[in-house]
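*Asks:* A single structure is presented below for examination.
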Amino acid sequence: MLRSLCLLRLLVAFSFISRAQPLAPQDFEEEEDEIPRSPLRPVFCDYDRCRHLQVPCLELQRASPTACLCPGLSSPAQPPAPPRLGEVRVAAEDSSAAVHWCAPSSPVHQYWLLLWEGSGAPQRGPALNSTVRRTELKGLKPGRAYVVCVVAANEAGESSVPEAGGEGSEGSGGPAFGPCGRMVVPPRPLTLLHAALGVGAALALLSCGALVWHFFLRQRCGCPRRARARAPPAEGL
Ligand SMILES: *[C@@H]1O[C@H](CO)[C@@H](O)[C@H](O)[C@H]1NC(C)=O
């Protein structure tokens with residue numbers, strides 16, 4: 001107690017001398033912890049719930065030569081909490097989508113994806129083992145919007161999915177922090193679309209050019225005609 005008080009004062013003094021930013025209370029804790037070093041506090045295992053092919057933390061812990069900590073998990077007697085959908089990257093060229101997700105804080109035995117279009121029935125993808133965090137959806141239809149959800153399952157059951165068609169969870173359009181998200185597959189004939197847009201723009205430009213040219217010509221060399229042309233509107237006004 002006395003020692004740590006001394007240490008604290010020393011740290012305070014040091015922070016004043018060095019004119020560093022004032023240390024927040026948690027900085028003190030961290031600095032204090034760093035001095036006795038780790039025998040008292042084991043480090044976290046190298047586990048990332050969003051990393052693809054991530055070995056479950058309990059296995060890492062078993063295999064680790066030094067003690068390490070795992071994030072807490074819910075009971076294996078309960079169905080897993082829903083995973084969190086991450087990035088969904090749609091590839092327009094082949095109408096596929098790469099779907100990423102993060103594991104929930106629950107024991108998981110397998111994952112699968114649910115995919116549906118508009119008010120259609122959800123289609124269930126193949127089962128993926130518990131290390132998987134990324135998969136690819138193929139055979140999507142160009143120009144369509146889909147909802148994709150990740151489901152986690154263990155022996156006690158499967159994670160919940162918001163009601164099919166329940167788009168309330170992503171009302172604002174952005175990906176919600178839930179198991180589901182929306183994606184839109186761009187229309188495939190992109191080249192055709194671009195060509196159509198190009199032709200449209202060219203036509204618009206041409207007609208503008210023609211109009212400008214027409215008025216210019218009338219102003220520059222159509223003086224007598226202009227005089228005549230001017231007359232009727234003047235009368236009209
Ligand atoms: C889980 O699935 C992935 C992808 O299919 C595979 O690479 C990996 O070896 C599998 N892991 C286990 C433990 O079965």
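*Asks:* Considering only residues that are away from the ligand (no atom under 12 Å from the Cβ) and surrounded by fewer than 16 Cβ atoms within 10 Å (Cβ to Cβ), which ones fall in the range 117-127?
*Replies:* GLU117, GLY118, SER119, GLY120, ALA121, GLN123, ARG124
*Asks:* Do you know which residues across the range 56-65 are open to solvent by 60 Å² or more (accessible area, probe 1.4 Å) and either among the aliphatic types (A, V, I, L, M) or assigned to a loop (DSSP other than H, G, I, E, B) (or both)?
*Replies:* Once the filter is applied, which keeps residues that are open to solvent by 60 Å² or more (accessible area, probe 1.4 Å) and either among the aliphatic types (A, V, I, L, M) or assigned to a loop (DSSP other than H, G, I, E, B) (or both), the range 56-65 yields LEU58, ALA63, PRO65.
*Asks:* Taking LEU205 and the conditions (1) open to solvent by less than 70 Å² (accessible area, probe 1.4 Å); (2) at pLDDT 75 or above, which numbered condition does it fall short on, given that it satisfies the others?
*Replies:* Only one criterion is unmet by LEU205, namely (1).
Residue-by-condition table, conditions (1) in a helix (DSSP H, G or I); (2) at pLDDT below 95; (3) within 16 Å of the ligand (Cβ to nearest atom):
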residue: GLN26; (1), (2), (3): yes, yes, no
residue: ASP33; (1), (2), (3): yes, yes, no
residue: PRO39; (1), (2), (3): yes, yes, no
residue: GLN54; (1), (2), (3): no, no, yes
residue: PRO76; (1), (2), (3): no, no, no
residue: ALA81; (1), (2), (3): no, no, no
residue: ARG89; (1), (2), (3): no, no, no
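*Asks:* Six or more apart or on different chains, Cβ under 6 Å: which pairs go from a residue in the range 127-145 that's assigned by TED's automatic domain parsing to the domain that holds GLU117 to one that's part of a loop (DSSP other than H, G, I, E, B) and surrounded by fewer than 12 Cβ atoms within 10 Å (Cβ to Cβ)? Could you list them?
*Replies:* Between residues of the range 127-145 that are assigned by TED's automatic domain parsing to the domain that holds GLU117 and residues that are part of a loop (DSSP other than H, G, I, E, B) and surrounded by fewer than 12 Cβ atoms within 10 Å (Cβ to Cβ), the close pairs are THR131/LEU53.
*Asks:* If I filter the range 100-147 down to residues being assigned to a loop (DSSP other than H, G, I, E, B) and of a type in the set (D, E, K, R), which single residue comes out as nearest to ALA81 (Cα to Cα)?
*Replies:* The selected residue is ARG133.
So that you can scan it fast, the table gives a plain yes or no per residue for (1) farther than 22 Å from TYR47 by Cβ; (2) out of contact with any helix residue (DSSP H, G or I) (no Cβ under 7 Å at 6 or more places or on another chain); (3) open to solvent by 30 Å² or more (accessible area, probe 1.4 Å):
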{"residue": "ALA103", "(1), (2), (3)": "no, yes, no"}
{"residue": "ASN129", "(1), (2), (3)": "no, yes, yes"}
{"residue": "ARG133", "(1), (2), (3)": "no, yes, no"}
{"residue": "GLU136", "(1), (2), (3)": "yes, yes, yes"}
{"residue": "PRO142", "(1), (2), (3)": "yes, yes, yes"}
{"residue": "SER159", "(1), (2), (3)": "no, yes, no"}
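*Asks:* In addition: Can you list residue pairs whose Cβ atoms sit under 8 Å apart, with the first residue in the range 66-87 being loosely packed, with under 12 Cβ neighbours inside 10 Å and the second being of a type outside the set (A, V, I, L, M, F, W, C)? Count only pairs 6 or more apart in sequence or on different chains.
*Replies:* Filtered contacts from the range 66-87: THR66/PRO42; PRO71/TYR47; PRO71/ARG49; PRO71/SER105; GLY72/SER105.
*Asks:* Which of (1) aliphatic (A, V, I, L, M); (2) within 16 Å of the ligand (Cβ to nearest atom); (3) in contact (Cβ under 8 Å) with a residue 60 or more places away in the chain does LEU58 not meet, given it meets every other one?
*Replies:* Every listed condition holds for LEU58 apart from (3).
The values are calculated or read from the model by the stated rules, or taken from the named source; none is laboratory data. In this text, all values refer to a predicted model and were calculated from it rather than measured experimentally. FYI the Cβ positions are ideal-geometry reconstructions off the backbone, even for glycines, and counts take in every protein chain you see. To get the accessible areas, we keep the full protein, side chains included, count just its heavy atoms, and leave off ligands, DNA and RNA. Shrake-Rupley method; radii C 1.70, N 1.55, O 1.52, S 1.80 Å.
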